[in-house]
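The values are calculated or read from the model by the stated rules, or taken from the named source; none is laboratory data. Nothing here was measured: the structure is a model prediction, and the numbers come from that model. Every residue, glycine as well, gets a Cβ built from its backbone with ideal geometry; the counts of neighbours run over all protein chains shown.
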Amino acid sequence: MNKVTRLLRESLQNPDAEFREGQQDAIRAVIEPPHRALVVQATGWGKSIVYFIATRLLRDRGRGPTLVVSPLLSLMRDQLRAAERLGIKSRQYTSGNKDDWAEIEESLRADEVDLLLISPERLANDGFRSLVSSTSLSKVGLIVIDEAHCISDWGHDFRPDYQRIGELIRNLPPTTAVLATTATANDRVVEDIKRQIGSDIKVLRGSLARKSLRLQVIAQKGVAQRLAWLSEHLSELPNSGIIYALTQDDAERVAQWLQKQGYPVVAYHAGLSAEAKIALEDRLLKNEVKALVATVALGMGFDKPDLGFVVHFQSPGNLVAYYQQIGRAGRAISEAVAILFVGSEDERIHEWFVNNARPPEQDVRAVLEALDEEAMSSTKLKQKLNMTQGEIEKTLKALSVLSPSPIVKVERAYQRTLVPYTHDAEREAALTNRRQEERRRFVDFATTEECLMMVVQKELDDPAAAPCERCYNCLGREIISSDVSDEVVMSALTFLRRGEFPIIPRKQWVSGALPTYGFTGRIGEAQRCEEGVCLSRWGEPVVGAWVQEDTAAGSYREAILGAALEALGRLRLSAPLRWVSSVPSQSHPTLAPDFAKRLAKALHIEYIEALEKIRVNEPQKMQKNSVHQAHNLDGAFAIRETRAGAVLLVDDAVDSGWTFTVAGALLREATSCPVIPFALCSTRRKDDDD
């Protein structure tokens with residue numbers, strides 16, 4: 001038995017283990033000249049075992065440690081546990097374990113770390129770059145780029161920080177081993193990876209077919225029908241699994257519905273803390289839940305060998321992302337199921353994703369012009385520019401990864417360099433067109449009569465693409481029934497109709513934003529609204545869709561009034577409502593007042609136009625952050641007349657909440673009575689910042 005086979009069996013704790021096809025070739029490619037390899041293999045093939053064994057072999061030859069660049073902490077935790085079996089001393093160096101950094105740095109200086117795992121964001125940190133030059137990392141023996149498709153902006157999950165890897169590799173000796181791994185790189189992405197990390201890299205490509213997976217597409221159903229299907233068929237799906245949704249709101253909505261049906265499921269998304277995500281991943285690993293209802297926050301790196309199913313409640317943007325997500329299932333079991341729904345809302349959501357994937361030229365120009373005047377932190381840029389914090393950070397990152405870069409970060413402030421910026425409009429247009437074309441191919445996939453797995457393989461330029469003989473199309477029959485009962489659909493519709501959520505009052509004024517009113521500091525009890533309620537999110541199922549339609553029509557239907565009365569009946573109030581008022585609007589001057597009058601009549605209380613607009617201002621929806629949102633309202637409203645007692649303050653839409661905050665403070669000061677905000681819909685994405 002040769003050494004590499006012995007190491008394999010030790011790492012897997014299996015005396016009979018044998019290498020999978022291509023694994024030994026990948027190990028040889030990095031430990032022998034030219035020491036560079038790109039491995040494109042199916043999810044679950046075992047790419048990590050390649051670099052664990054390569055690390056052990058290189059360290060035994062006296063080479064420096066391995067540096068693994070990996071996108072997700074969940075992946076890192078799994079890898080750290082596996083590496084221990086080979087006696088590899090591995091550590092992770094991320095924002096999640098800052099308390100350990102000093103000890104890790106000492107171990108690196110003493111060359112006592114065999115393998116260091118970092119997130120790609122570490123490469124942007126001056127302190128980490130100094131660590132590379134001052135410790136054993138300066139003689140790194142192997143660099144591993146996990147999920148290497150993230151390097152390419154032609155790939156499905158491009159991440160700007162990955163572009164720093166090419167610069168890192170170019171500054172290393174040519175004998176430094178490099179291993180890039182991915183399951184989701186077509187020919188174009190492969191060529192882009194080679195361009196960035198070296199054309200002499202050896203490409204090792206295997207078949208991407210997943211023989212354990214049985215794919216099925218269920219013809220388009222509305223949200224209520226999809227919820228009903230999950231309620232009736234989730235128990236039929238093997239083991240535990242993942243239900244993918246496109247947004248945080250959708251993940252929480254599906255999880256709440258299934259919890260009401262008695263299923264042990266939990267929502268998982270980027271809005272959760274790192275600790276909460278770890279706890280949920282562990283619950284799924286231990287089969288304590290039937291499913292996590294997840295956004296793409298649970299994607300690359302999560303490894304549960306016996307995961308039995310993946311359900312797409314809504315469709316991913318393209319076939320490559322689809323393959324990556326279904327690849328979570330069936331890694332170590334003979335049969336797993338992947339069910340795909342395509343929702344009517346998917347196109348709207350994906351259009352938003354495509355349009356917001358990269359900073360537009362006007363944002364880039366605005367940031368550069370601001371930095372031309374003086375060095376600024378991202379917080380100061382937010383005060384100066386009408387951009388969200390997310391837009392500012394996205395733009396700064398896009399500029400920072402350019403080589404050479406037109407900006408540089410010195411401590412907390414960004415400065416303009418002498419490097420000119422040229423916007424590549426042609427490339428941006430090509431990327432957008434490619435995303436749109438990928439989406440069109442996915443829509444075609446959902447209705448194809450060809451083998452589903454074969455279509456996916458062709459999208460990934462897999463030369464071994466062939467019919468799987470296991471999917472819905474190959475079998476000519478359903479794997480899981482698509483039937484749902486009318487009774488459960490009606491129950492789901494009732495659930496969706498009751499989709500209100502709280503309007504949480506703000507607690508702090510923006511410094512200097514409201515000089516006319518003199519509002520500053522903490523929003524005290526004498527100015528603060530009560531917790532209110534919003535009926536829906538714009539365009540989302542049932543009430544949100546009604547509001548969208550009726551806003552255009554100019555009047556709200558009786559069903560919305562009924563939903564409002566039901567929601568108010570469930571709202572816990574500190575005092576009984578005595579009267580109703582509304583927020584004045586320039587764009588729709590009669591819409592909210594007319595609805596508020598009908599609501600007051602139904603509640604058998606008085607309607608009063610308490611507020612008047614005394615200054616024309618820009619629409620709030622044009623304001624991107626709290627500084628601009630609050631300042632845009634300064635001096636815009638005045639009190640006309642009031643009544644005693646708690647007032648329901650009605651607006652058609654709520655976004656940042658600043659309109660309710662300012663108008664509510666004026667009413668609170670005038671009446672000293674409770675003010676309860678009430679909105680028909682929210683136009684704000686849950687993951688938006690101020």
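For the reader, a short list of remarks on this structure follows.
- Check on A630, part of a helix (DSSP H, G or I) and out of contact with any Asp or Glu (no Cβ under 8 Å at 6 or more places or on another chain): yes
- R578 being among the charged types (D, E, K, R) and in a loop (DSSP other than H, G, I, E, B): no
- Scanning segment 518-545 for residues that are without any contact (Cβ under 8 Å) to a residue 24 or more places away in the chain and over 25 Å from V647 (Cβ atoms) gives a single hit, A545.
- Any hit, segment 214-235, residues being farther than 30 Å from A492 by Cα, among the hydrophobic types (A, V, I, L, M, F, W, C) and either crowded, with 19+ Cβ neighbours inside 10 Å or in contact with a helix residue (DSSP H, G or I) (Cβ under 9 Å, 6 or more places away or on another chain) (or both): no
- Q415 being outside the structural domain of Y162 (by TED's automatic domain parsing) and in a strand (DSSP E or B): yes
- Count of segment 365-393 residues which are buried (at least 20 other Cβ atoms within 10 Å of the Cβ) and part of a helix (DSSP H, G or I): 7
- Qualifying residue in segment 181-194 (condition: assigned to a helix (DSSP H, G or I), touching a Gly at 6+ places or on another chain (Cβ under 7 Å), under 29 Å from V455 (Cα atoms) and modelled with pLDDT under 90): no
- Within the set A492, A425, the sole residue that is closer than 30 Å to I560 by Cβ and touching a residue at least 60 places away in the same chain (Cβ under 8 Å) turns out to be A492.
- For the criterion of being in contact with a strand residue (DSSP E or B) (Cβ under 6 Å, 6 or more places away or on another chain) and assigned by TED's automatic domain parsing to the domain that holds L561, S574 fails.
- Complete set of residues in segment 160-184 that are over 23 Å from E393 (Cα atoms) and touching a Leu at 6+ places or on another chain (Cβ under 9 Å): T176, A177, V178, L179, A180, T181, T182, A183, T184
This table checks each residue for (1) at pLDDT 90 or above; (2) surrounded by fewer than 20 Cβ atoms within 10 Å (Cβ to Cβ); (3) in contact with an Asp or Glu (Cβ under 9 Å, 6 or more places away or on another chain).
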| site | (1), (2), (3) |
| --- | --- |
| L12 | no, yes, no |
| E18 | yes, yes, no |
| Q23 | yes, no, no |
| V30 | yes, no, no |
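- Residue, surrounded by the fewest Cβ atoms within 10 Å (Cβ to Cβ), within segment 622-648, restricted to residues that are more than 36 Å from the chain's Cα centre (by Cα) and among the β-branched types (V, I, T): I639
- In segment 366-395, the residues that are under 23 Å from D161 (Cα atoms) and in the same structural domain as Y414 (by TED's automatic domain parsing) form Cβ pairs under 7 Å with partners that are of a type in the set (F, W, Y) and buried (at least 17 other Cβ atoms within 10 Å of the Cβ), at six or more places apart or across chains, as follows: L371/Y414; A375/Y414; M376/Y414.
Residue by residue, here is whether (1) free of Cβ contacts under 8 Å to residues at least 60 places away in the same chain; (2) among the aromatic types (F, W, Y); (3) not in a helix (DSSP H, G or I) holds:
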| site | (1), (2), (3) |
| --- | --- |
| P584 | yes, no, yes |
| P589 | yes, no, yes |
| D594 | yes, no, no |
| K601 | yes, no, no |
| A638 | yes, no, yes |
| V647 | no, no, yes |
| V650 | no, no, yes |
| R668 | no, no, no |
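- Scope segment 305-332; condition part of a loop (DSSP other than H, G, I, E, B) and either free of Cβ contacts under 8 Å to residues at least 40 places away in the same chain or within 15 Å of A42 (Cα to Cα) (or both); matching residues: P305, G327, R328, A329, G330, R331, A332
- Identity of the residue in segment 407-420, surrounded by fewer than 19 Cβ atoms within 10 Å (Cβ to Cβ) and touching a strand residue (DSSP E or B) at 6+ places or on another chain (Cβ under 9 Å), that ends up farthest from A630 (Cα to Cα): V419
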